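Asks: Next up is a structure, given as structure tokens.
The values are calculated or read from the model by the stated rules, or taken from the named source; none is laboratory data. Note that this is a predicted model, so its numbers are computed, not measured. Neighbour counts are summed over all protein chains in view; Cβ atoms, including those assigned to glycine, are modelled from backbone coordinates with ideal geometry.
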Amino acid sequence: MSVGAKPIAMNLAHLLTFAVALTIAVASPGPAVAAVVARALSTGFRRTLPIIGGLIIGDIVYISAAIGGLAALATTFGEVFVVVRWLGAAYLVYLAIRLWRSRPEHADEATARPRGSDLQVFLAGLSITLGNPKVMVFYLALLPALIDLRTVGLAEYLAMIGIVAVVLTLVIGTYAALAGRARAFLATPGRRKLIDRIAGSAMAGAAAAIIAR
């Protein structure tokens, strides 16, 4: 990573290019969006924050590898990411099964005891990102084609991390907020069962998408 002085205009151009490309990539529905929407439908918006945090950390790992010149190393350890992908998919399947087996008459109890600890949900989000080839291609193949990463200084690197956090929080958070509002609107015992089934199906679909990639 270069730390030399760079023209401000060049820095801003790099950051703008990255922000636009990242927003388009994140807004495109995929396993991460499906998992977050399912989480919001089953537990509400607030409890999606750990999984969003995991997604953000996963992106930061990849952008650090790309800027630090570790793309080849990350590709070499592809088998490790395959294991991570399967672990993430397995946890999503576990959550899907719990949602399908949930009983709406115990809705208050389910609300009091959220499905999965914050740490478990955070790790699920992290594994979804680390095991997602779409994310790997974006940071290790597409990003270097858009930006000369050799010209990225420390300040730009930190700014790009900030952009990752803001873009993922806003874009994925919007999906989660909309799903959370739908859950609140349909929060009657009969409808809660339907919501849990939909959320469970979304979780299972996200797991299938992760495995298939």
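Asks: Suppose we filter Ala19, Ala74, Ala9, Ala13 for residues that are modelled with pLDDT of 85 or more, outside any loop (DSSP other than H, G, I, E, B), among the aliphatic types (A, V, I, L, M) and within 25 Å of Leu143 (Cα to Cα); which single one remains?
Replies: Answer to the check: Ala19.
Asks: Within the range 180-189, restricting attention to residues that are touching a Gly at 6+ places or on another chain (Cβ under 9 Å) and of a type in the set (Gly, Ala, Ser), which residue is modelled with the highest pLDDT?
Replies: Filtering the range 180-189 for residues that are touching a Gly at 6+ places or on another chain (Cβ under 9 Å) and of a type in the set (Gly, Ala, Ser), the one modelled with the highest pLDDT comes out as Gly180.
Asks: State whether one or more residues within the range 132-141 are of a type in the set (Lys, Arg) and within 17 Å of Gly58 (Cα to Cα).
Replies: Among the residues of the range 132-141, at least one is of a type in the set (Lys, Arg) and within 17 Å of Gly58 (Cα to Cα), which makes the answer yes.
Asks: While we're here: Determine whether the range 39-53 contains at least one residue that is of a type in the set (Lys, Arg), modelled with pLDDT of 85 or more, assigned to a helix (DSSP H, G or I) and closer than 20 Å to Leu130 by Cβ.
Replies: Among the residues of the range 39-53, at least one is of a type in the set (Lys, Arg), modelled with pLDDT of 85 or more, assigned to a helix (DSSP H, G or I) and closer than 20 Å to Leu130 by Cβ, which makes the answer yes.
Asks: OK, next. Among the residues of the range 132-156, write down those that are over 19 Å from Val26 (Cβ atoms) and in contact with a helix residue (DSSP H, G or I) (Cβ under 6 Å, 6 or more places away or on another chain).
Replies: Of everything in the range 132-156, those that are over 19 Å from Val26 (Cβ atoms) and in contact with a helix residue (DSSP H, G or I) (Cβ under 6 Å, 6 or more places away or on another chain) turn out to be Leu149, Val152, Glu156.
Asks: Further question: Is there any pair linking a residue in the range 53-74 that is on the phi < 0 side of the Ramachandran plot and surrounded by 18 or more Cβ atoms within 10 Å (Cβ to Cβ) to one that is of a type in the set (Phe, Trp, Tyr) and at pLDDT 90 or above, with Cβ under 6 Å and at least six apart or on different chains, and which?
Replies: Sorted first by the residue in the range 53-74, then by its partner, the pairs are Gly53/Phe122; Gly54/Phe122.
Asks: With the requirement that a residue be of a type in the set (Ser, Thr, Tyr) and closer than 14 Å to Leu146 by Cβ, what does the range 10-63 give you?
Replies: Answer for the range 10-63, where residues must be of a type in the set (Ser, Thr, Tyr) and closer than 14 Å to Leu146 by Cβ: Thr17, Thr23.
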